[in-house]
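Heads up, the thing below is written out as structure tokens.
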Amino acid sequence: MADRVRLGVIGCGMIGSFHAQVVQDVSSIELVAVCDIVPEKAQAIADKYGVAAYSAIADLLAHPGLDAVSVCTPSGMHADHGLLAARAGKHVLVEKPMDVWVEKIDELAAACKAQGVILGGIFQNRFPRAVQQVKKAIDDGWLGEIVFANGSCLWLRLQAYYDSGDWRGTWALDGGVLSNQAIHTIDRLLWLVGMQPDVQSAYCPTLARDMEAEDLGVALLRFPNGAAGIIQGTTLANPGLTTAVTVCGTKGSVIIEDNRVVYFHADGAPEGLVEVEQQGAGGASADPSAIWGGAHAANIEEFGRAILEGREPWVNAGEARKAVQLLNDIYRAAGVGPYAKATA
Ligand SMILES: NC(=O)c1ccc[n+]([C@@H]2O[C@H](COP(=O)([O-])OP(=O)(O)OC[C@H]3O[C@@H](n4cnc5c(N)ncnc54)[C@H](O)[C@@H]3O)[C@@H](O)[C@H]2O)c1
């Protein structure tokens, strides 16, 4: 392997274009090719960065010297496209969610293991410095025993957003607000708390948008230590509010809004243990093209380093599947999508 991973991007839509741009600032990775079934989309990015364009994944995978791919196609295609790459011996980076269904993630992970290639996911909102400080403070016990965690993603997506791609809001390829928008918040909550909960009850209706999956999702969680959690997500919150994760423990509490830690208290904690920042810009609350967080480069850099060093990336399959496991448990508890009861 060269001193940089030679990457091909599969899917040149909103996030695929962003990967191609961000990789320009990633020292462990070099963009060499892009692919989209719409040839003009691939060509436009290829022209911009001076790389090869393909309209079939098989042709991209045959690009000379290609080491890895970044899968940026619709969510329900992620595992299938990752499998094609793994079977061609390429390392695989997959946008969030790694797939909509946990069984497909497990199939992809098993194939990558069998092929000896590295599988990584994107959860860029684990990477900002203050958020990492919170994770360390929780792991070091500063919040004491966790008793409550709340994750909310109260955004706005208009009908035009769902109409902008025939995969959006479908059960086969996307899911609704919990799988597409709130998955970042679900992941952050689970990662910080470090426990996988049971779903006590869930409500996932489609209230206002013309789409199959939920535009509102609320779930009550119970963690193995008895702590409670709540997940709230909607794409109907006019005009688009923040995301927030609140974690309360017996010795302290933290509130993270978007990527800012707006409140942190831990009994006896040293000054500056966590950087608290009350002011800041909003995120992707009402603008689908505003990629939340600005930490993609760090996530992709770390994936590239993992390949070069021959180790698991931080966001490996085991990490990426946790939010999807909870997502599927929520859908099951709510009786929606593949878990909907047949009506007579
Ligand atoms: N991490 C984040 O913050 C973030 C932000 C936005 C989107 N995403 C994720 O990225 C994925 C894509 O979202 P998007 O908004 O870019 O969608 P999009 O519809 O804009 O782009 C998807 C692209 O995939 C292409 N495509 C479909 N099938 C293909 C195939 N077989 N081969 C090659 N290309 C194919 C489409 O032509 C399209 O250009 C989703 O899973 C979404 O959840 C992540």
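Flag set for residue 260, criterion: open to solvent by 20 Å² or more (accessible area, probe 1.4 Å) and at pLDDT below 95.
Screening region 64-80 for residues that are closer than 18 Å to residue 303 by Cα and β-branched (Val, Ile, Thr) and picking the one that is farthest from the ligand (Cβ to nearest atom) gives 69. Look at (1) open to solvent by less than 10 Å² (accessible area, probe 1.4 Å); (2) within 11 Å of the ligand (Cβ to nearest atom) and you find that residue 166 fails only one, number (1). From the residues in region 120-154 that are open to solvent by 10 Å² or more (accessible area, probe 1.4 Å) and within 16 Å of the ligand (Cβ to nearest atom), which one is farthest from residue 295 (Cα to Cα)? Among those residues, the one meeting the criterion is 126. Within region 317-336, the set of residues being open to solvent by 10 Å² or more (accessible area, probe 1.4 Å) and either charged (D, E, K, R) or in a helix (DSSP H, G or I) (or both) comprises 317, 318, 319, 321, 322, 325, 329, 332, 333, 334. Among the listed residues 83, 61, which satisfies the condition of being crowded, with 20+ Cβ neighbours inside 10 Å and either modelled with pLDDT under 95 or within 15 Å of the ligand (Cβ to nearest atom) (or both)? None of the others qualify; the one that does is 61.
Might you let me know whether region 178-198 holds any residue that is within 16 Å of the ligand (Cβ to nearest atom) and aromatic (Phe, Trp, Tyr)? Looking through region 178-198, at least one residue is within 16 Å of the ligand (Cβ to nearest atom) and aromatic (Phe, Trp, Tyr).
From the list 45, 15, which residue is within 12 Å of the ligand (Cβ to nearest atom), in a helix (DSSP H, G or I) and under 19 Å from residue 173 (Cα atoms)? Explain how you work it out, then say what you get.
Values: 45 fails: under 19 Å from residue 173 (Cα atoms).
Exactly one of 45, 15 is within 12 Å of the ligand (Cβ to nearest atom), in a helix (DSSP H, G or I) and under 19 Å from residue 173 (Cα atoms), namely 15.
Please determine whether any residue of region 97-107 is among the β-branched types (Val, Ile, Thr) and over 16 Å from the mean Cα position of the chain (by Cα). No - not one qualifying residue is present in region 97-107.
Restricting region 1-12 to residues that are of a type in the set (A, V, I, L, M, F, W, C), in contact with a Ser or Thr (Cβ under 9 Å, 6 or more places away or on another chain) and closer than 21 Å to residue 289 by Cβ leaves a set whose member that is nearest to the ligand (Cβ to nearest atom) is 10.
The values are calculated or read from the model by the stated rules, or taken from the named source; none is laboratory data. Quick caveat, the model's predicted, so the values are computed rather than measured. Don't worry about glycine lacking a Cβ; one is built from the backbone with ideal geometry, like all the others, and counts go over all protein chains shown. Protein only, heavy atoms only, side chains kept; ligands, DNA and RNA dropped before computing areas. Shrake-Rupley method; radii C 1.70, N 1.55, O 1.52, S 1.80 Å.
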